[in-house]
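First up is the structure itself, then whatever we jot down about it.
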Amino acid sequence: MPNSDPQPARPARPSGATAGFLLLATVLLCAGVGAGIGALLDAVAPLLILGTFAGFGAGFTLVYSRYRTL
């Protein structure tokens, strides 16, 4: 009788590439949100820059909390 139990998923190993992509995605997301809000308020450039800096802060915090052991 074949074993029909699914194999347990291997835990994902932290890598520098995934940490970098996570940082980049966070920066781009926050910059996009800043640009979107800026388009509504006629202040695209300042809020795009503000969103980019906020994205770096959020991204570094997220990467540090997730990949502390890297």
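The values are calculated or read from the model by the stated rules, or taken from the named source; none is laboratory data. Everything quoted here is computed from the prediction, not taken from an experiment. So basically every Cβ, Gly included, is an ideal-geometry build from the backbone, and we count neighbours across all protein chains shown.
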Original post:
Residue check: is Leu40 touching a helix residue (DSSP H, G or I) at 6+ places or on another chain (Cβ under 8 Å) and part of a helix (DSSP H, G or I)?
Top reply: no
Original post:
Given (1) loosely packed, with under 13 Cβ neighbours inside 10 Å; (2) under 18 Å from the mean Cα position of the chain (by Cα); (3) modelled with pLDDT of 95 or more, where does Leu70 come up short, assuming only one miss?
Top reply: (3)
Original post:
Are any residues in the range 11-59 over 13 Å from the mean Cα position of the chain (by Cα) and touching a residue at least 40 places away in the same chain (Cβ under 8 Å), and if so, which ones?
Top reply: Pro14, Ser15, Gly16
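Residue-by-condition table, conditions (1) assigned to a loop (DSSP other than H, G, I, E, B); (2) surrounded by 15 or more Cβ atoms within 10 Å (Cβ to Cβ); (3) modelled with pLDDT under 95:
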{"site": "Met1", "(1), (2), (3)": "yes, no, yes"}
{"site": "Pro6", "(1), (2), (3)": "yes, no, yes"}
{"site": "Ala9", "(1), (2), (3)": "yes, no, yes"}
{"site": "Thr26", "(1), (2), (3)": "no, yes, no"}
{"site": "Pro46", "(1), (2), (3)": "no, no, no"}
{"site": "Gly51", "(1), (2), (3)": "no, yes, no"}
Original post:
Can you name every residue in the range 60-69 that is out of contact with any helix residue (DSSP H, G or I) (no Cβ under 8 Å at 6 or more places or on another chain) and either touching a residue at least 40 places away in the same chain (Cβ under 8 Å) or not charged (D, E, K, R) (or both)?
Top reply: Thr61, Tyr64, Ser65, Thr69
